[in-house]
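Here is the structure we will look at.
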Amino acid sequence: MTATGCRPPGEANKLAEIRTAEEAFERGERHSFNKPFALQWGPEPFVKWATISYALSALDVQPGATVLDVGCGEGWTTLFLAEAGFNPVGIDLAPARVRMGVERAERWGAAAEFGVADMETVDLGREFDFVLVYDALHHTARQAAAVARAAAHLKPGAWVLFAEPSWLHRISPGARRTHRELGWIERGVTVHSLRCDCTGAGLGNFRRFWEPTAPYGQRRGLLWESIRLVAGNLFVAPHTSIWLAAQRLA
């Protein structure tokens, strides 16, 4: 699949993302592309997927629905969507990541499409029953443009689900290190800014979701995970995402 609107990016951060993926791919660093299964990722991706799965059900997105997975990376969410019975199309800025997604789909025998596209300018010329923007929006400096492009690919009445790190991400040591060493943009996202951009793109009827915490193996973990759960729901907690769904208004 070839996506339109994927002009060669000129911004330094985009070139850095493309270069990082290409170098890792050429070195054969499989662990870089084996999310969520490599042990280095821990249980977090599966916790995120559980939240996506719950939101799909709560928003009444039926099996067989067409789904656009924006900023899909190496395609694990796209393939999980396919395994869950949806018809997904994953797009990403980095060609190396898209190649890995295609290889994974072939290996899994999964009915998933992939294409190279910039989330800020993408135009696939079609509308979808659902759009997922997972862990991608915080890598762009043009959030409003990316939200508008996601909205433009929704059928009337269809939903988009955003899942992004909170404003704490911008002061995270890990995010700062990634920006310093790799040149990627590592922003945090606020619910207020996301709602404003969604409203400007013709989206509304907002719904919030909250993710569970990580598994634990000893009873003393119960207190810490309980604190994280309460903080994540009422305030802001590290390692939890902002989950916001918005519907394309008629």
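Of all residues being among the basic types (Lys, Arg) and within 14 Å of the chain's Cα centre (by Cα) in region 48-106, which is nearest to Arg19 (Cα to Cα)? Just the residue, please. Result: Arg97. Take the conditions (1) surrounded by fewer than 17 Cβ atoms within 10 Å (Cβ to Cβ); (2) of a type in the set (Ser, Thr, Tyr); (3) touching a strand residue (DSSP E or B) at 6+ places or on another chain (Cβ under 6 Å); Ser166 misses just one of them, which is (1).
Among the residues of region 76-100, those identified as part of a helix (DSSP H, G or I) and farther than 15 Å from Phe128 by Cβ are Trp76, Leu79, Phe80, Glu83, Pro95, Ala96, Arg97, Val98, Arg99, Met100.
The lone criterion from (1) more than 23 Å from Thr51 (Cβ to Cβ); (2) crowded, with 17+ Cβ neighbours inside 10 Å left unmet by Gly183 is number (2).
The residues listed here are Glu127, Glu120; of these, the one that is under 20 Å from Gly183 (Cα atoms) and of a type in the set (Asp, Glu) is Glu120.
Here region 66-93 is the region considered, the condition is being buried (at least 24 other Cβ atoms within 10 Å of the Cβ), touching a Pro at 6+ places or on another chain (Cβ under 7 Å) and not hydrophobic (A, V, I, L, M, F, W, C), and the residue that is farthest from Trp184 (Cα to Cα) is Thr78.
When Arg176 is tested against the conditions (1) assigned to a strand (DSSP E or B); (2) out of contact with any strand residue (DSSP E or B) (no Cβ under 9 Å at 6 or more places or on another chain); (3) among the charged types (D, E, K, R), the lone failure is (1).
In region 73-108, which residues are in contact with a Phe, Trp or Tyr (Cβ under 7 Å, 6 or more places away or on another chain) and within 20 Å of Thr240 (Cα to Cα)? Across region 73-108, the qualifying residue is only Thr77. Looking at region 63-73, can you tell me whether even one residue there is in contact (Cβ under 8 Å) with a residue 24 or more places away in the chain, hydroxyl-bearing (Ser, Thr, Tyr) and assigned to a strand (DSSP E or B)? Within region 63-73 (the criterion being in contact (Cβ under 8 Å) with a residue 24 or more places away in the chain, hydroxyl-bearing (Ser, Thr, Tyr) and assigned to a strand (DSSP E or B)), the answer is yes, since at least one residue qualifies. Residues that are in a helix (DSSP H, G or I), at pLDDT below 85 and charged (D, E, K, R) were ranked within region 24-56; the one that is surrounded by the most Cβ atoms within 10 Å (Cβ to Cβ) is Arg30.
Any residue that is farther than 20 Å from Arg149 by Cα, in contact with a Leu (Cβ under 7 Å, 6 or more places away or on another chain) and either buried (at least 22 other Cβ atoms within 10 Å of the Cβ) or of a type in the set (Phe, Trp, Tyr) (or both) - is there at least one of those in region 109-118? Among the residues of region 109-118, at least one is farther than 20 Å from Arg149 by Cα, in contact with a Leu (Cβ under 7 Å, 6 or more places away or on another chain) and either buried (at least 22 other Cβ atoms within 10 Å of the Cβ) or of a type in the set (Phe, Trp, Tyr) (or both), which makes the answer yes.
The values are calculated or read from the model by the stated rules, or taken from the named source; none is laboratory data. These numbers come from a predicted model, not from an experiment. Every residue, glycine as well, gets a Cβ built from its backbone with ideal geometry; the counts of neighbours run over all protein chains shown.
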